[in-house]
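Asks: Sharing a structure here in structure tokens format.
The values are calculated or read from the model by the stated rules, or taken from the named source; none is laboratory data. Predicted, not measured: the structure shown is a model, and the values here were computed from it. In this analysis, Cβ positions are derived from the backbone assuming ideal geometry, glycine residues included, and neighbour counts consider all displayed protein chains.
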Amino acid sequence: MADNSNVLARFENMYKYFGITHAVDGVTLEVTRGEIHGLVGENGSGKSTLLSLIAGIRRPDSGKMTVNGQDYAPHDNTQASQRGVSMIVQEINTLAGLTVAENIFLGQEHLFTKYGFRNIKKMNEMAREYLNKAGLDLIKPDEEISHYSLEQRKLIEMVKASYIKPELLMIDETSTALSHDGRDEMYKLMKDTRARNGSVLLISHDLQEIFQFCDRITIMRDGRVVDTVNAKDVDEDKLKALMVGRDVSGHYYREDYGTPISDKVVLRTKGLTCPGHFENIDLELHEGEILGLGGLSESGMHEIGRAIFGIEYDVTGDVIIGDKKVEGIQQTMHAGLGYVSKNRDVESLFAKASIADNINVTCMDKLSRGIYLSPRKMKKFADESTHTLSVKMRDVDQLVGELSGGNKQKVALTKWMARGTKIFVMDSPTRGIDVAVKAVIYDLLTKLKDQGCSMIVISEELLELIGVCDRILVTKDGRIVDEFLRSPDLSEETIVKSMI
Amino acid sequence: MSKSKRVLHALMPFLALVLAYVIFKIIEPARFGSPSGLFLLLQQAMIQSLLACGLYFILTMGVFDLTVGAVAMISAILGTMAGNAIGWAGMIPVSIVTALAMSMISSQLMIRLKAPPMIISVGLVLIYEALSTKLIQGKYSLPIDDEFRILGQAPWVLIPGIVLILVSMVLISRSKFGLYIHAIGSNTEIAKNTGINVTKYQTLAWLFCGLCAAIYGIVNTCYTSSVAYAQNMASATSVFKPMMACMFATAFRKYLNPMISVLIGCFFLNLVSNGLLCMGLESSLQNVVVGLAMIVIVRFSNKSRKYDVSK
Amino acid sequence: MKKFKKLLAILLALLMVLSLAACSGGDDEQTDEPGGEQTDDENGGDTSEPKYKIGYTFPDGATAGLAGDAAAALKLAAEALNIEILFGASQDLSAEGTITTVENFIAAGCDAVICCNFSESSMVQISKLCDDAGVYFAQFYRTLSDEDVIATVEASDYYVGRVHEDEYGTAYALAEAMIDAGCQNLAMLSSVHGDNTYETRASGYRDACAEHGVNIIIEEWDQTTDTVTNTTTNILAAYPEVDGFLLINCSFAPYVLAAMENTGTILPMCGVDFDTTLLEMIENETITAIAGGHHNDPLFALLLVYNALEGAFDSSEYPIDVLNNMITISSVEEYEDYATYFANGLNDPENGQAYNKEEIQQMTITYNPDFTVQDILDAASSISIADVMERHAAE
Amino acid sequence: MDKTKLKRIGTALAPFLGLILLIALFAILTDGASIQLSNFKLLINQTFTLVLVCTGVFGVMTLGMMDLSCGTVVCICCFMVAKVCQVNIFVGLVTALLTGIGMGAFNGFTTSILKMPSFLATLCLQYIITGLMTQLIASAAVTVPAELYFFDEFWYKLPLVLVLLIGAYFLFRHTKLGHYMRMVGSNETAAIFSGINVRKIKMISYTMAGGLCAVSGFLVAIRSGTAAVTSGTDMMFNSMIALTLGGFPNGGGAKARFSAPIVGSFMFCVLNNGLSILGVSSTTQAFIKGAIFLFMVILMAENVKTAVSSGIKKIFGGKEKASEIN
């Protein structure tokens, strides 16, 4: 491609490996001035890693980056923003204990510091000015940031990203953490940047958002760029096909339709409410049923899963398993419920412990006769249970931290299956996993269903829900808005209509 | 957070002081709380808060460094030796340079190594204490010449304290250094991502703490007229008291400049021990009061919830 | 330099061994065996094989003034009598620490042990240890007053005896000196609770004040060099009627004086145990009466066990109770004589101490055939600055 | 497969190897004085009090938490033994045990229920006990009644300590509680979400530490015959040093091996005993102890360990290929 003046930034065969997973595997990307460039791909396709390389959070193993024709290799956000590149991420990127103004100008103190002393008054005034320009006049710059809600902190982050008038603004799935008017704020920011002849690199799962704003879209899969297309000459299905890399109906989901579901209710929630996340959720799970919970990630579905397991804060209403009301983790687990968390490294796995320890941790009552617990028996039990999902490992004493993403998820699932759990709550079970292991997990779900287990599967990928679940509930803004039964002609469009 | 609520929180440390004063005044009206007595307590608090101010910078970053007591002692010993030989020109530079050198050693060890700082500091304290015993060969304690004693008397002893507290107040709230210290303490990962050179500012915090330890060493030696060696981890246990004052300050950090509440913390501890003294009891009973008070204060100031992990 | 070379060898060897342990801890097996080289053995030095090895539970001279002078006296005696003295290793002088040190001395093959037991009852354990191991033992700075402790300890035929001072009497006299100086309300400062000597001195102070109708207003125990200045200042502020300080040990004296100077009220004070920093305090009369200089107590204990090993006594004479008198100093000249002739061991070991080599040798059966235990008893009771000057100034 | 099995045996045996090498070294340096039978008996006798406290603190540190109050708990239990046994031996022993367990439970309460950081919570308890101790021992040191001295015999103490150690080993290795302790140590959030009652585990491990400190206080009482403010106070730092010498991983968690407290306290006492037999002066001994301790801490630190082991791999050309299969 001719290096004409219209190209703002260019990234040539970028590589980044984390141990054995090839996150970014030879990506070449070009961003022209005055365009909003979409970047789409399934979870674990390397989009976020690529952005973190550009923003300077991580260093590429190899590859050349140029902005405005000059070489560009930032070591941190501040160096990146000095070259006009700023980024907004999904997780919290502001520091508790500091005031709003301090957070906004963190790293940029030279604007109001003389001989190492900050002029607090000037800082607050500048912050006031930018906040008003972004329409956030009820946020006080000298107030401590942890007094504000997650969403307000995200808006403050956007002010931080925009006050330097960035030439390249990168947004990584931020819309999922914003409410409706927060999202309008973001769209305004994207339009301003384009109007200033800067450009925006947008990562989003919400295909509507992509089609509404983006001029060009690049599709990534498993760390490589599949294609770069113009938004106009492609529709959603074609885009999705490119993203998934095989025809949508794919053989690896369930084929059976119309299997009868017993009407025996194993789990029921009554008036489950958690302020700010969801309100009076009444759902029933039947024996042997795979119930899907779909919707945008901030629609409260993740929090419902956590509330059922009993690990969400200030939840009212009750969860009834069988005919007994349960409260707290111990009772829930005793009643036979298991929870596979979305954030497996922090909430379900012990990285520095062996695979045997990870699996046995939930099955102690089965293993110990009275008080005595024989290590030999524990090792044998763990060894057998890893066969059901055929975890690839040296031996059972290998540390879980050394395993790949797919194998880690297998261990996390085995941990609950070995316990003989009857009711599963699975939160995005196939997140960040390669396609081969996904197939294994899907047919595990069907095997568990045949054994009479019942499951609630929470996922952001509608394709997965359609392919696996008997019944799908759609959540929007904290309420269950729709219900779909499993049928061959069920499509994503019908579900998405009620999601947005 | 409404204005009045914030002012109320800012006044809480002062209320704790008044409460302690009133309780002991009722129990022992005659002996306790005479103006000159209170001035002496403030004077002692001013000396102790020299060390506590420096320690605050390290504690904010979540590090428990027990070597600070030994640094103050050894820099005081070497400073006194130089002072007795040359006078002020010898004392101040020697003790400050020693303290900075020792802080540099402990800081590089604790930042670079992935081992808990508390464990590293135990090893360092053992070595520093053996060094201090070797330095004061054959004498129980090293006396200081009379010319330095002036710094220990009334008006002069307050000046280093006041100056250092003001400097630290400005450093904590006004300077880039203070802001970055809080940022690193809040979340080191995000701080690193926003371009803060974490190791540089951690080292700077240790060096400032070393400087405070040196000044504390000098003023304390002038006040007590001689400096003694420490054995059996005595210098480590002597650091626990200023640490308590720093914990007191962290509890009220959002509402009041921490350096003021460090001084209040030290004054509170002295007030309690003096109150017990006036009642004729062992002043070491004060430890019981300090222990209980700290549990109450930390319990109210931390808002951790059901599943938060506090190791 | 022999000592230093061996020390270096220990440190290097230890670090090498432990690094092997830790590395293999972290990773696969380490194969080669560390060659522990053979250090040259003990007596390569000038003197012939040392006759006996005697353990002394206090740490060596590097530390406190009193212990420093005592250690210097013992080192001189070691040269004079060609014996080896093992100094106490652990700085932990608590009851359990002393017992562990005695155990280590026995393990090191000491022929005799002189110990300063933290408290009376820990003496029972020490006597049991020495009895089983057949090692002579004697007490220094300590005596026995509890009946059943006396019964068990003196039953052992390895208990040579004890050298102690009249702590109670000295404290009583010091308190009287303060009362004569017109003090009515006194404050007492002391270090750790439970130490036998400190408790005896405290009771001496209390009884003297009670009998003379003087009251001790406040007692502050568990003071350290860090806290004693603040405590004194607070006492002066809270108890204006205090007109004198009773110190259990004089190591606090400079700190108490500093507090007095800071608040501008100089009060008389007295204490036991000398320290080299007391000279100017005596000059400007800030210290009323002081007793101490009993650092030769361990020397007499050493002589007791040495003669016992040489068979000078028969077991009927045990236990030998040697009363070593304290020296009181009230004038500057006395202090200067004391500093030059009596306690100058550090810089002039030969004749800066109470007894030079010949005098020490005279008090042993090996060098003085008609030596009897009475020689030690007389020496201990007659020791004073004048006595030393008259003996040494003559040459 | 044998390569990794050898490595696992190596890691298990390494601390014992370190201990044997240390004993061998002192045997050479002290020309055999240190390996006399009597010295061994004496050595084991000295280790009793430390090994019990170390095992208690080991339980707490496996959770990734700290116990700074163990020294003072030993002190107050020693005082209880001395004071109450004068009234009646049995009542005295029971009160001492209950005080120890009570102090442990208090630690458990402040750390798990009040959610205070363990460093600060145990430090507060240490302050409270030292304050109380000076008031309790107002008069002369409290003497232990003579009837108890008979128990200070090596062949009585050995079975008591062995029973406790075997019990602790069984608890740590062969029961749910021990397994849960290691799990909570390596990832507390995942432990909570795997249904472990973390609050109960913390309470139990602190109470056990208190109980073991009580027994250690009893041994200190009958060994030294007296209870004073200074008895047992340096146990806190000694237990930390001993555990590090025993190869305890710095953050606790799943890799904590039960050999750490036993081997560690033995090494500590061998070091003390050996150095004092050599007649090394006290200040130099403190210097050596500090130097070795710091050296071990540096070696145990994560980044240094990987650097050292990769260094060794280069030297010995370890052929271990990337073992984990994707």
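Results for (1) over 20 Å from the mean Cα position of the chain (by Cα); (2) farther than 20 Å from residue A:461 by Cα; (3) among the basic types (Lys, Arg); (4) assigned to a loop (DSSP other than H, G, I, E, B), shown as yes or no for each residue.
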| position | (1), (2), (3), (4) |
| --- | --- |
| A:259 | yes, yes, no, yes |
| A:262 | yes, yes, no, yes |
| A:280 | yes, yes, no, no |
| A:288 | yes, yes, no, yes |
| A:291 | yes, no, no, no |
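Asks: Within the stretch D:99-126, take every residue that is among the hydroxyl-bearing types (Ser, Thr, Tyr) and within 7 Å of chain B (Cβ to nearest Cβ) and give me the one that is nearest to residue D:68 (Cα to Cα).
Replies: Among those that are among the hydroxyl-bearing types (Ser, Thr, Tyr) and within 7 Å of chain B (Cβ to nearest Cβ), it is D:118.
Asks: All but one of (1) more than 12 Å from every other protein chain (Cβ to nearest Cβ); (2) small (Gly, Ala, Ser); (3) more than 18 Å from the chain's Cα centre (by Cα) hold for residue B:103; which doesn't?
Replies: For residue B:103, the failing item is (3).
Asks: So which of B:179, B:207 ends up being modelled with pLDDT of 85 or more, touching an Asp or Glu at 6+ places or on another chain (Cβ under 8 Å) and assigned to a helix (DSSP H, G or I)?
Replies: Among B:179, B:207, only B:179 is modelled with pLDDT of 85 or more, touching an Asp or Glu at 6+ places or on another chain (Cβ under 8 Å) and assigned to a helix (DSSP H, G or I).
Asks: Taking residue A:454, is it more than 22 Å from the chain's Cα centre (by Cα) and either in contact (Cβ under 8 Å) with a residue 60 or more places away in the chain or under 20 Å from residue A:336 (Cα atoms) (or both)?
Replies: Spelling it out, residue A:454 is indeed more than 22 Å from the chain's Cα centre (by Cα) and either in contact (Cβ under 8 Å) with a residue 60 or more places away in the chain or under 20 Å from residue A:336 (Cα atoms) (or both).
Asks: Filter the stretch B:133-168 for residues that are facing another protein chain (nearest Cβ under 9 Å) and assigned to a helix (DSSP H, G or I); which is farthest from residue B:239 (Cα to Cα)?
Replies: B:146
Asks: When residues of the stretch D:29-46 are filtered for being touching an Asp or Glu at 6+ places or on another chain (Cβ under 8 Å) and within 7 Å of chain C (Cβ to nearest Cβ), how many remain?
Replies: Of the residues in the stretch D:29-46, 3 are touching an Asp or Glu at 6+ places or on another chain (Cβ under 8 Å) and within 7 Å of chain C (Cβ to nearest Cβ).
Asks: Let me ask you something else. Tell me which residues, restricted to the stretch B:116-168, are hydrophobic (A, V, I, L, M, F, W, C), buried (at least 16 other Cβ atoms within 10 Å of the Cβ) and over 24 Å from residue B:102 (Cβ atoms).
Replies: B:157
Asks: Let me ask you something else. Identify, from the list B:272, B:298, B:288, the residue that is farther than 16 Å from residue B:182 by Cβ, surrounded by fewer than 23 Cβ atoms within 10 Å (Cβ to Cβ), in contact (Cβ under 8 Å) with a residue 60 or more places away in the chain and not hydroxyl-bearing (Ser, Thr, Tyr).
Replies: Just a single option satisfies the conditions, and that option is B:272.
Asks: Kindly provide the set of residues from the stretch B:33-68 that are more than 9 Å from chain C (Cβ to nearest Cβ), surrounded by fewer than 22 Cβ atoms within 10 Å (Cβ to Cβ) and not hydrophobic (A, V, I, L, M, F, W, C), ordered by number.
Replies: Within the stretch B:33-68, B:33, B:35, B:62 qualify.
Asks: So, in the stretch A:322-365, exactly how many residues are over 24 Å from residue A:441 (Cβ atoms) and out of contact with any helix residue (DSSP H, G or I) (no Cβ under 7 Å at 6 or more places or on another chain)?
Replies: Residues meeting the conditions: 11.
Asks: Same structure, new question: Please go through the stretch D:1-32 and give me each residue that is in a loop (DSSP other than H, G, I, E, B) and either among the charged types (D, E, K, R) or surrounded by fewer than 13 Cβ atoms within 10 Å (Cβ to Cβ) (or both), ordered by number.
Replies: D:1, D:31, D:32
Asks: Quick one: count up the residues across the stretch C:207-227 that are away from every other protein chain (no Cβ under 11 Å) and of a type in the set (D, E, K, R).
Replies: The qualifying residues number 2.
Asks: Looking at (1) part of a helix (DSSP H, G or I); (2) within 14 Å of chain D (Cβ to nearest Cβ); (3) in contact with a strand residue (DSSP E or B) (Cβ under 9 Å, 6 or more places away or on another chain), find the lone condition where residue B:280 falls short.
Replies: Residue B:280 satisfies every listed condition except (1).
Asks: Residues A:136, A:239, A:178, A:131: which one is in the same structural domain as residue A:56 (by TED's automatic domain parsing) and crowded, with 21+ Cβ neighbours inside 10 Å?
Replies: A:131
Asks: I'd like to check something: does the stretch A:58-69 contain any residue that is buried (at least 21 other Cβ atoms within 10 Å of the Cβ), touching a Ser or Thr at 6+ places or on another chain (Cβ under 6 Å) and either among the hydroxyl-bearing types (Ser, Thr, Tyr) or closer than 18 Å to residue B:192 by Cβ (or both)?
Replies: Among the residues of the stretch A:58-69, not one is buried (at least 21 other Cβ atoms within 10 Å of the Cβ), touching a Ser or Thr at 6+ places or on another chain (Cβ under 6 Å) and either among the hydroxyl-bearing types (Ser, Thr, Tyr) or closer than 18 Å to residue B:192 by Cβ (or both), which makes the answer no.
Asks: Any residue at all in the stretch A:104-119 that is within 11 Å of chain B (Cβ to nearest Cβ), acidic (Asp, Glu) and more than 29 Å from the chain's Cα centre (by Cα)?
Replies: Yes.
Asks: Confirm whether residue A:465 is buried (at least 20 other Cβ atoms within 10 Å of the Cβ) and more than 20 Å from the chain's Cα centre (by Cα).
Replies: Against the criterion (buried (at least 20 other Cβ atoms within 10 Å of the Cβ) and more than 20 Å from the chain's Cα centre (by Cα)), residue A:465 does not qualify.
Asks: Looking at the structure I just gave you, is residue C:343 touching a strand residue (DSSP E or B) at 6+ places or on another chain (Cβ under 9 Å) and either small (Gly, Ala, Ser) or surrounded by fewer than 18 Cβ atoms within 10 Å (Cβ to Cβ) (or both)?
Replies: Yes.
Asks: When you go through C:224, C:200 one by one, which is the residue that is of a type outside the set (A, V, I, L, M) and closer than 23 Å to residue B:149 by Cβ?
Replies: C:224
Asks: Separate question: Of the residues in the stretch B:180-207, how many are buried (at least 24 other Cβ atoms within 10 Å of the Cβ) and either within 20 Å of residue B:68 (Cα to Cα) or in contact with a strand residue (DSSP E or B) (Cβ under 9 Å, 6 or more places away or on another chain) (or both)?
Replies: So the count comes out to 3.
Asks: Taking the stretch A:386-424, which residues are out of contact with any Cys (no Cβ under 7 Å at 6 or more places or on another chain), among the hydrophobic types (A, V, I, L, M, F, W, C) and in a loop (DSSP other than H, G, I, E, B)?
Replies: Correct list: A:391, A:393, A:396, A:403.
Asks: Of the conditions (1) under 20 Å from residue B:108 (Cα atoms); (2) touching a residue at least 12 places away in the same chain (Cβ under 8 Å); (3) out of contact with any Leu (no Cβ under 7 Å at 6 or more places or on another chain), residue B:221 satisfies every one except a single condition; which number is it?
Replies: Result: residue B:221 fails condition (1) only.
Asks: I've got another one for you. If I go through the stretch C:228-240 residue by residue, how many of them are facing another protein chain (nearest Cβ under 8 Å) and not in a helix (DSSP H, G or I)?
Replies: 1
Asks: Right, something else. Considering the stretch A:100-132 alone, what residues qualify as being touching a residue at least 12 places away in the same chain (Cβ under 8 Å) and either over 25 Å from residue B:171 (Cβ atoms) or basic (Lys, Arg) (or both)?
Replies: Those that are touching a residue at least 12 places away in the same chain (Cβ under 8 Å) and either over 25 Å from residue B:171 (Cβ atoms) or basic (Lys, Arg) (or both): A:128, A:130, A:131.
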